[in-house]
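Shown next, in structure tokens, is the structure this report addresses.
Where a number appears in this text, it was derived from the coordinates with a stated rule and is not lab data. Quick caveat, the model's predicted, so the values are computed rather than measured. Ideal geometry is used to build each Cβ from the backbone, glycine not excepted, and the neighbour counts take in all protein chains shown.
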Amino acid sequence: MSRRPHTKSRIKVCDKSFFHLQDKKADEGVLTNGLIKSAKRTGQLSLSQRGLGTVPENVWKIEELVLDETKEVDFAREDRHNWWNSEPLKFLDLSSNAIASIPPDVKLLQDLVTLKLHDNALTSLPEEIGELKNLSNLSLNHNKLAALPSSFFRLSELRWLSLAHNQLEKIPPDFGDLVMLTFLDLSNNKLAALPPGMGYLVRLVELNLSHNQLQELPPDIVNLRDLKKMNISHNNLRSLPALGELRRMEMLDANHNDIQQLPDFYGCTALKEIYLANNYIKEITEEFCDQMQHLNVLNIRDNQVEVLPENVALLRKLKRLDLGNNSLNKLPKNFGLLTQLQSVSMEGNKLSFVRQDVMRAGTDRMMKFLRDRMHEEILVETRVSGDQWPDKFTLKKSQALMVPGRGLTTLPEEVFRNAAEAQVHIVDISRNSLTQVPTGLSIVRETLSQLVLSSNHLTELPAEVGQCKHLQLLDISKNSLSQLPPELEALKDLRELIISNNKFTNIPHCVYSLENLEILLAAENKISEINVSSDALAKLPRLAVLDLANNNIASVPPELGNFTHLRSLELMGNVFRQPRHAILEKGTASILSYLRDRIPNN
């Protein structure tokens, strides 16, 4: 118990309620002649945030009201403001008031399409609301509704419905009669179960059932074949049914439940994002990795995952992966093959082989560490086996052809044929004595995503490299290259290009056509200029890392300061005088700011 002495607050407390509640007469006065005129002209009426405790009676009779503006009526005069040219009321906003009930007269607004009643104090709805045959959009969130009238399910044209933040404890089977619904929000209620009729809502595109007390989903939930987003987080779900029929679902949020194992996702070919944090899942299965090869986001933090399968590399399109606070003590060596990862979280596990400083250094540093470790393990396995070339089993298991540092001058085509059969994604023949790229490389062009040719004696790159259309990383550093073939502009998926330590005098023009390029490392060359024109660097909107250190750049164009998407810019070791060394030391943001300040005003 706190022993802190009680002190009187010096803050003045206003005893006026948030809504200045009015009496019925004051409520009636809110609907002024000006609002009536506007509503009759436009068919729209907004009385939001007016402190209403009741709805003015004239709202329901607004279509019958005639405002005598003149004693003489000229029907020949063209005037949109005249009462005989009025629009029926189609849009009514009564939100953010303190309205406790809606009268039966609501049935008079037969043309109503949109009705906003959210953020009020409604405890019930009148049976007459079911007579609004044209009602398409209805917001009832943030009220005190415990049940819905039976007539509610006669709203056959309803397409958008929000009942979030109410006190609903159950949904009747008649809910399935609202067959035109495309959006439904039932979140933050007290629902313990859903009726079987939910499966009839086959036009639903977005469904939010979060923050309820659901223990299971009805089997016919898989009939919602148009569903794109489903939020079932913060419930008491212990399992999920096979979801394969939901072929258009793009996002599933099942965070904060009691789910113990991954459901069957076979058939969910459009699924891009899965959120399963704060559950009790112990295993990511091989079947899951096989089914979810198109997945972009997987959040499975705060579970009990103990191991990842060897085929985790099949999730090659993953961009964000959160495995924090699980029970992992190792990672499969194929993990380094997840080349598109932009964000990975592993904290809270027992990964003894990954140093804490590596984990804290960010995704790029950690993935490089894992790739290097994978390369080393494959090399060790190859040496132990005594074979000159990796066998088919090693190729299949690692999905990589790794033969760096062997003094090779060539590779037989048979090696590449075996690699193609194993569908390898990585070819690393760095630190050898190659004077030309092996011709067998074209055999694996359909599956290749990483090609490492660094530290050889290459003087040119063959045009056939441009046929590796799925290539995401190309490392040709530490060679004797001075140009690249124009055919490389076909590498539209390339994200990282490393041409450091060569003999380039400028950035090859084909590089500017690589529209998805994020990292360009071109340090230690003879590059003399930075071309920021509209047909050069300006064509690379995703470029985040640009390294031009230790070249022959004589001047830095101020327009480079407009490249605010750059998060890392290295310019040290060039011959220009501005920006000064002190500015360069301050980092990318300071360099870009300095350059922007020097752009001439036209």
>> Give me P(r) over segment 385-596, computed from all C-alpha to C-alpha distances, binned every 5 Å, as integer percentages.
In response: 1, 7, 14, 19, 18, 13, 10, 8, 5, 3, 1, 0
> To two decimal places, what compactness ratio does segment 262-352 give when its Cα radius of gyration is scaled by 2.2 N^0.38 Å?
Replying inline: 0.98
> Which order do MET292, MET249, MET180 fall in if you start with the one that has the fewest other Cβ atoms within 10 Å?
Replying inline: MET180, MET292, MET249
> For segment 385-596: lysine pairs with Cα atoms under 21 Å, gap of 8 or more or different chains, count?
Replying inline: 6
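Provide the packing ranking of 488-500, 585-597, 543-555, i.e. peptides ordered by the mean count of other C-beta atoms within 10 Å per residue, highest first.
Going from most to least packed, we get 488-500, 543-555, 585-597.
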>> Sort 454-463, 253-262 by packing, meaning the average of other beta carbons within 10 Å per residue, with the highest value first.
In response: 253-262, 454-463
> List the lysines whose alpha-carbon lies under 16 Å from that of LYS319, not counting same-chain residues fewer than 8 positions away?
Replying inline: LYS272, LYS368
> At TRP389 and ALA26, where each label point lies 7 Å from the Cα along Cα→Cβ, what is the point-to-point distance in nanometres?
Replying inline: 8.9 nm
> Between the DSSP loop rule and a limit of at most 15 other Cβ atoms within 10 Å, which GluC sites (Glu not before Pro) in segment 168-228 are left?
Replying inline: GLU169
> Using a simple charge model, +1 on the beta-carbon of Lys and Arg, -1 on the beta-carbon of Asp and Glu, nothing else, what dipole does segment 199-338 show about its Cα centre, in debye to the nearest 20?
Replying inline: 500 debye
> Using 7 Å Cα-to-Cβ label points, what is the GLU287/ASP535 separation (nm, one decimal)?
Replying inline: 5.6 nm
> About its Cα centre, what dipole magnitude does the chain give when the only charges are +1 on Lys and Arg Cβ and -1 on Asp and Glu Cβ, stated in debye to the nearest 20?
Replying inline: 1960 debye
> Of SER455, SER398, PRO412, whose Cα points farthest to the positive end of the dipole of segment 385-596 (charges on the beta-carbon: +1 Lys, Arg; -1 Asp, Glu; origin at the Cα centre)?
Replying inline: SER455
> Between ALA270 and ALA554, 0.36 nm times their residue separation minus their Cα-Cα distance comes to what?
Replying inline: 97.2 nm
>> Whole-Hz ³J(HN,Hα) for each residue in segment 109-122, computed from phi via Karplus 6.51 cos²θ - 1.76 cosθ + 1.60 with θ = phi - 60°, x for glycine and proline: what do you get?
In response: 8, 5, 9, 4, 10, 10, 10, 10, 10, 6, 6, 10, 10, 5
> Using +1 on the beta carbon of Lys and Arg, -1 on that of Asp and Glu, and nothing else charged, what's the dipole of segment 385-596 about the Cα centre, debye to 20?
Replying inline: 480 debye
>> Can you work out the Karplus-derived ³J(HN,Hα) for every residue in segment 186-199? Use 6.51 cos²θ - 1.76 cosθ + 1.60 with θ = phi - 60°, whole Hz, and x for glycine or proline.
In response: 10, 5, 6, 10, 10, 6, 9, 7, 10, x, x, x, 4, x
> Which whole-Hz ³J(HN,Hα) couplings does segment 155-168 yield from phi under the Karplus relation 6.51 cos²θ - 1.76 cosθ + 1.60, θ = phi - 60°, glycine and proline marked x?
Replying inline: 6, 6, 9, 5, 10, 10, 9, 10, 10, 5, 6, 10, 10, 5
> How far is it, in nm, from the label point at GLN261 to the one at SER48 when both lie 7 Å from their Cα along the line to the Cβ?
Replying inline: 4.8 nm
>> Show me the ranking of peptides 505-517, 468-480, 32-44 by mean Cβ neighbours inside 10 Å, starting with the highest.
In response: 468-480, 505-517, 32-44
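Rounded, prolate or oblate: pick one for the chain, where a ≥ b ≥ c are the square roots of the eigenvalues of its C-alpha gyration tensor, a/c under 1.5 means rounded, and failing that, prolate if a/b is larger than b/c, else oblate.
Prolate, since a/c reaches 1.5 and a/b exceeds b/c.
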